[in-house]
1. Just the residues that are of a type in the set (Lys, Arg) and outside any loop (DSSP other than H, G, I, E, B), please, taken from the range 82-121.
2. Among the residues of the range 197-204, are any over 14 Å from residue 152 (Cα atoms), acidic (Asp, Glu) and surrounded by fewer than 20 Cβ atoms within 10 Å (Cβ to Cβ)?
3. Scanning for something more than 15 Å from the ligand (Cβ to nearest atom), of a type in the set (D, E, K, R) and in contact (Cβ under 8 Å) with a residue 24 or more places away in the chain, does the range 25-41 turn up at least one residue?
4. Which residue, of 120, 144, 128, 95, is surrounded by 18 or more Cβ atoms within 10 Å (Cβ to Cβ) and touching a residue at least 12 places away in the same chain (Cβ under 8 Å)?
5. May I ask you to say which residue of 76, 86, 11 is within 16 Å of the ligand (Cβ to nearest atom) and either more than 25 Å from residue 209 (Cβ to Cβ) or not small (Gly, Ala, Ser) (or both)?
6. Sort out for me the strands (runs of 3 or more DSSP E) sitting completely within the range 125-203 that have 3 or more residues that are β-branched (Val, Ile, Thr) and within 12 Å of the ligand (Cβ to nearest atom).
7. Confirm whether residue 104 is under 29 Å from residue 83 (Cβ atoms), in contact with an Asp or Glu (Cβ under 8 Å, 6 or more places away or on another chain), crowded, with 20+ Cβ neighbours inside 10 Å and at pLDDT 95 or above.
8. Give all pairs with beta carbons closer than 8 Å in which a residue from the range 256-273 that is closer than 9 Å to residue 239 by Cβ meets a residue that is among the acidic types (Asp, Glu); count only pairs at least 6 apart in sequence or on separate chains.
Amino acid sequence: MVCIAASIMIEIVQFNEDITCVKTATEQDGNAIMFVYAFLVRDALFDAGCANAIDEIREFARKNEINDVYITHSHEDHCGCCTVFEKTASIFATPATQEILRKPPFYGEFFNYVWGQPEPVSDLTDLPKTFSIGDLRFEVVPVPGHTMEMVGFYEPEKKWFFSADAVPLPSKKRIAMPDENIPQMVATMEKILTMDIDILFDSHRGAIHSPQKHIQTRIDYIIEIQQKAKELHESGKSIEEMQQILELEGPWYLELTKGRFGIDFFLKSVLFDKVVV
Ligand SMILES: [Zn+2]
C-alpha cells in the first residue's frame with residue numbers, strides 16, 4: 001500500500017455527567033474509516049484510542065485529569081495511546097494483555113494505516129476484580145471469544161456495561177480472525193443478556209440503550225449460519241464450497257487484511273471451535 005500521511009479524526013462527546021466518549025479514527029475521503037471509542041469515566045479512561053491519534057490523545061490528556069487507565073484487550077485500536085499515560089496514570093490490564101502491550105506485534109500495512117502502530121508499554125499493573133471511581137463501583141467481567149483475555153467493565157447500580165468488542169458490528173459480520181472463537185463469543189453474548197444492563201458501551205458504536213435486541217440479532221445470525229454450515233459439512237462440502245453456497249461475501253477491505261481476517265476463519269470457528277470457559 002502507498003504510504004500517505006493519514007489525517008486523524010478525534011471527536012469528544014460528553015455522554016452524561018460521568019462519561020465522555022473519546023472517538024478516534026483515521027480519515028479517508030473525509031470520513032472516518034472506522035471509529036474506535038475510549039470512554040472517560042470521571043478521572044479514569046477505559047481503553048486508550050488508536051496509535052494514529054496519539055497527538056490528539058496527548059492534547060486530550062493535557063486538558064483532562066486522568067489518573068487510571070483500564071484496558072479491555074490488547075488490540076491496537078484499544079491500546080494505541082497507552083504510552084501517553086505511562087508517567088501520569090496507572091495502566092491496568094490482565095497479564096495476557098500486558099504481555100502483548102509490552103511487545104506489540106506489527107499487524108501489517110493495512111492495519112498500520114487504519115489504526116497505527118502502538119509503542120511498547122512497560123509500566124503496567126494487574127487488573128483487579130473490582131475497582132471504584134469515586135462512588136461508582138465497577139466489576140471486571142471476562143468476555144472471551146473475540147480474544148480470550150478480553151474483559152468488560154460493569155457498573156451494576158447504573159446498569160452500564162462497557163463491553164469492548166464482545167458484541168461485534170455489524171450484526172451480520174461474517175469474517176473472523178484465526179484466533180477468534182465464535183461459539184465462545186456467542187456464549188459471552190448470552191451471558192451479557194443475563195446481566196441487568198440499561199446501556200451497553202460498545203467500542204465501535206458507542207452507547208446502545210436497551211441493547212438486548214441488538215445482541216440477540218447478532219446471536220441469531222451466528223446460530224443460523226452455524227446450523228447451515230454444519231449441514232453442509234455433514235454433506236461433505238468444503239469450506240470454500242460452503243462460502244459460495246451460503247453466498248458469504250467479505251467487506252471491501254478483506255483482501256487488504258492479508259489473512260488477518262477471513263470468511264473461512266469464521267466458518268471454521270462456527271464448525272469446530274468449542275466453548276472453553
Ligand atoms: Zn478487538
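1. 102, the sole residue that qualifies.
2. yes
3. No - not one qualifying residue is present in the range 25-41.
4. Selected residue: 144, the only one of 120, 144, 128, 95 that is surrounded by 18 or more Cβ atoms within 10 Å (Cβ to Cβ) and touching a residue at least 12 places away in the same chain (Cβ under 8 Å).
5. Exactly one of 76, 86, 11 is within 16 Å of the ligand (Cβ to nearest atom) and either more than 25 Å from residue 209 (Cβ to Cβ) or not small (Gly, Ala, Ser) (or both), namely 76.
6. Fully inside the range 125-203 and qualifying: nothing.
7. no
8. Qualifying pairs under 8 Å: 263/249; 264/240.
The values are calculated or read from the model by the stated rules, or taken from the named source; none is laboratory data. This one's a predicted model, so the numbers in the text were calculated from it and none came from an experiment. Here the Cβ is made from the backbone with ideal geometry for all residues, glycine too, and neighbour counts use every protein chain on show.
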